[in-house]
Amino acid sequence: TRPPLLPQGATDLEKHLELLELENKSLKRRLASGGTCEGACACACSQVSRVKVRGKTTKKQACPKTDSRSRTARRPSYLWVATSGPAPPRRTPRAEDRTGPTPRRTSPRLERDFRTATPGTSRAAKRRRRRRCRLALRMPRVCREVIVRCAHQTAEGAESDDWLRVQNALLQEQVCAQRRMLRELETQLQRSQRTCAQLRTQVKHQIMTDLEFCGYDSNGVRPTFAFKKVLRHSVALYDGEMARARRQLDAELLSLKEEKERVVREAFVRAESQMKAVHDNLAGVRSKLAGLHPALRTLTADYNTLKKQVHHFPAMLRNAIDDAKREICRAIGDVSATNQKLVDKYKREMNLRKKIHNQLVQLKGNIRVLCRVRPVAGGEEAEGVLTFDPDDDGVLHLSDKGKVTTFDLDKVFGPEATQEEGFSEVEALVTSCVDGFHVCIFAYGQTGSGKTYTMEGAASDPGLNQRALRLLFSRVADKSPEWEFHICVSMLEIYNETLRDLLGDQPAADKLDIKMNPDGSGQLYVPGLTRVAVRTVDDVNQVLEAGRASRATACTDLNERSSRSHALLVVSVAGLNGTTGSRTQGKLNLVDLAGSERVGRSGAEGGRLREARHINKSLSALGDVMDALRRKRPHVPFRNSRLTFLLQDSLQGDSKTLMMVQVSPVAADAGESLCSLKFAQRVRSVELNASKRPDSRSASSSPTPQSLEVASLVSRRPRAPFGPNSKRLEKPPPPPSLRLFFLWL
Ligand SMILES: Nc1ncnc2c1ncn2[C@@H]1O[C@H](COP(=O)(O)OP(=O)(O)OP(=O)(O)O)[C@@H](O)[C@H]1O
């Protein structure tokens, strides 16, 4: 029963201690009352065993008073548990065990004594030990020690229980493995038995077959004589067959042996020959090797040398590169210095050439006057009107009304003169334009005298315009790549003092004006005037064609209109020297003037008269400008006509002007020709006077040592002597005002 003093949740050890205390008290009481210690001790041991080996004890309470036999039978199990050692061998109960109650052994020492009671010991010793045990058990203190020891051993028994469980599991696994092995063995045995039965059947069948073959029947009865004979015959046949097969096999074996020997011999021979060849090769290789040894030594030496060189090569290369760099830098410096000198020299030379050329042109005349006589057309009377001086190509004699007038011009081209010859006098001016000068080339003359032919020419034989532009492109190409040029072309006409753009979209509607350039350069410009960039002669041809077409659409009668309007082809040439940075800005004005006409003589009226007045006015203004330039007047009347106003920057300063006076050789036009030639003569006299004063035009034309040298070399063309019938303007009279001259016209 549960002691009432124990609190709820007491541990097993507390319960056990309480129980032991109770039993101890009970034992003390019994001891005091004279009861045997044996029963109390056994009861206590029984209680301990039941508590500690919980789950292993039976529910039945062991009691020494109730069943001594069962207590005796349980003792080995109890001892095994208490000592936590291996279970002792089961021994048969002894006589004293069966005759009387065996005292409980609860102490290890007692147990040891109990165990050491081997059969070899004497009965007296055993008796003494038992007596000692009993005496010890009678003492209460010993009982308590036994109880404590029992508790300790019970804990050890729990540990051994776990160990035994593990051992048990291992053993069970081993048993299972053994069982599996056993089952496999049984299966193998069954298989072997079946195989054995099959073999037995086969052996039996074989035996039966052999017996049948030997003539036995299935019952083992011997065969008959005839059958024996048959058998013998068969045996003989088999023997013969076997002998024949053996012989055949022997023969084949022999042939195979022979074949083998033959093959072996051949292989041997072949091997010998190959061996010999190999030996030969080897000998050759050895000899080569012997020859290669020196080469190898040389190569090795070279290799070592090269290796050293390669080792030192980077440093050598660096040094060489540094030297080369220094050398190159020095050379570049020298070249740069030389180049700079050359550039300076080139600049000086170019400037000198430009100056010399300019001075040459100036010596020839900044305003040059040429004359060209057109051929006589069929049916025209031209006999004796114009005569040329065979000794002077600048002299022309004009006979008008029996009076011969001689004109001294820069050059006179006869009717047979080609376009090329006419252009030869213009080439220098084109060069000046490329150098950055402004150039004006006029074609002046009466209607039908050949102005347009000279300026434009035919497709197969182009005139000054196209030739000048061709030469311009040629000069530009010659100066490339030092110089880079940008060439632009404009075309316009002045009709009745009105400017029209011939390259614009609507030439007839566009009426242009001349204004001062807002950039402050003091240059004039025509706002809205079309400028077409050209790079090739084809571009120029397209532009000229477009201008001609535009001029044609402006009037139904081109010849009618063209003779009464000034046509201008303006070429702007902007150059840039990439080496020196110099810039040039030249302009080439190619002007096909309207035909001059004496109004009184022609009897023009109305619109024609108005056109003639405009033409004469503009030509008169041109003459006035040149006169003012000659006289170095402070005011030059450029604004008196659209033509002079437009050409203002090309008629002053260092500008060059060439006037091609066209003359008709026809007798009926002699008066007109006389007027044209007089105008040309006066213009030339202007220039002749100017050319005698090299510094009269601009500061840039002041004489320099070079220019003086050139001037001495370029002598003036000798004047032709006066002919007997000629009236030479030996000493030209002071030119009257050109305005008065045109008024006279
Ligand atoms: N040097 C020449 N060789 C051959 N033919 C010429 C020459 N000069 C002029 N002619 C011919 O004379 C004719 C008139 O020439 P052109 O039209 O050039 O005169 P123009 O002065 O321009 O006349 P306009 O002032 O009316 O325009 C043309 O048929 C032209 O072919």
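Which of the following residues is of a type in the set (A, V, I, L, M) and at pLDDT 85 or above: 146, 175, 142?
Details: 146 fails: at pLDDT 85 or above; 142 fails: at pLDDT 85 or above.
Residue meeting the stated conditions: 175.
Between residues in the range 565-585 that are closer than 23 Å to residue 619 by Cβ and residues that are of a type in the set (Gly, Ala, Ser) and outside any strand (DSSP E or B), which pairs lie under 7 Å by C-beta distance while being six or more apart or on different chains?
That search, which allows pairs on different chains as well, returns 565/594; 566/594; 566/618.
Can you find a residue in the range 637-647 that is within 29 Å of residue 433 (Cβ to Cβ), within 16 Å of the ligand (Cβ to nearest atom) and over 60 Å from the mean Cα position of the chain (by Cα)? Break it down stepwise before answering.
Taking the range 637-647 as the starting set, the residues that turn out to be within 29 Å of residue 433 (Cβ to Cβ) are 637-647.
Of the ones still in play, those that are also within 16 Å of the ligand (Cβ to nearest atom) are 643.
If we keep only those that are over 60 Å from the mean Cα position of the chain (by Cα) as well, we get 643.
Yes, because at least one residue in the range 637-647 is within 29 Å of residue 433 (Cβ to Cβ), within 16 Å of the ligand (Cβ to nearest atom) and over 60 Å from the mean Cα position of the chain (by Cα).
For the structure I just gave you, tell me whether residue 358 is in contact (Cβ under 8 Å) with a residue 24 or more places away in the chain, within 29 Å of residue 423 (Cβ to Cβ) and of a type in the set (S, T, N, Q).
Spelling it out, residue 358 is indeed in contact (Cβ under 8 Å) with a residue 24 or more places away in the chain, within 29 Å of residue 423 (Cβ to Cβ) and of a type in the set (S, T, N, Q).
Being of a type in the set (S, T, N, Q) and buried (at least 20 other Cβ atoms within 10 Å of the Cβ) is the filter; apply it to the range 453-493 and report the residue that is nearest to the ligand (Cβ to nearest atom).
For the range 453-493, the residue satisfying everything is 454.
Answer yes if at least one residue in the range 426-441 is within 54 Å of the chain's Cα centre (by Cα) and within 16 Å of the ligand (Cβ to nearest atom), and no otherwise.
no
Contact list please: Cβ distance under 9 Å, first residue in the range 446-459 and under 14 Å from residue 423 (Cβ atoms) and aromatic (Phe, Trp, Tyr), second residue assigned to a strand (DSSP E or B) and within 6 Å of the ligand (Cβ to nearest atom), pairs at least six apart or on different chains.
453/662
If you take the residues in the range 652-667 that are assigned to a loop (DSSP other than H, G, I, E, B) and in contact with a strand residue (DSSP E or B) (Cβ under 6 Å, 6 or more places away or on another chain), which one is farthest from residue 624 (Cα to Cα)? Break it down stepwise before answering.
Of the residues in the range 652-667, the ones assigned to a loop (DSSP other than H, G, I, E, B) are 652-655, 664-666.
Narrowing the set further to residues that are in contact with a strand residue (DSSP E or B) (Cβ under 6 Å, 6 or more places away or on another chain) leaves 655, 665.
Details: 655: 17, 665: 28 Å.
Checking each candidate, the answer is 665.
Looking only at the range 394-420, which residues are more than 60 Å from the chain's Cα centre (by Cα) and either within 16 Å of the ligand (Cβ to nearest atom) or among the aromatic types (Phe, Trp, Tyr) (or both)?
Passing the criteria: 396, 407, 411, 412, 413, 414, 415, 416, 417, 418.
Please go through the range 306-343 and pick out each residue that is aromatic (Phe, Trp, Tyr) and exposed (fewer than 11 other Cβ atoms within 10 Å of the Cβ).
None; the set is empty.
In this structure, is residue 412 crowded, with 18+ Cβ neighbours inside 10 Å, at pLDDT 90 or above and either closer than 27 Å to residue 461 by Cβ or not hydroxyl-bearing (Ser, Thr, Tyr) (or both)?
Against the criterion (crowded, with 18+ Cβ neighbours inside 10 Å, at pLDDT 90 or above and either closer than 27 Å to residue 461 by Cβ or not hydroxyl-bearing (Ser, Thr, Tyr) (or both)), residue 412 qualifies.
Looking at 427, 380, which is the one that is surrounded by fewer than 17 Cβ atoms within 10 Å (Cβ to Cβ) and modelled with pLDDT of 85 or more?
Numbers: 380 fails: modelled with pLDDT of 85 or more.
Being surrounded by fewer than 17 Cβ atoms within 10 Å (Cβ to Cβ) and modelled with pLDDT of 85 or more holds for just one of 427, 380, which is 427.
The values are calculated or read from the model by the stated rules, or taken from the named source; none is laboratory data. Predicted, not measured: the structure shown is a model, and the values here were computed from it. Glycine gets a Cβ as well: all are built from the backbone with ideal geometry, and neighbour counts include every protein chain shown.
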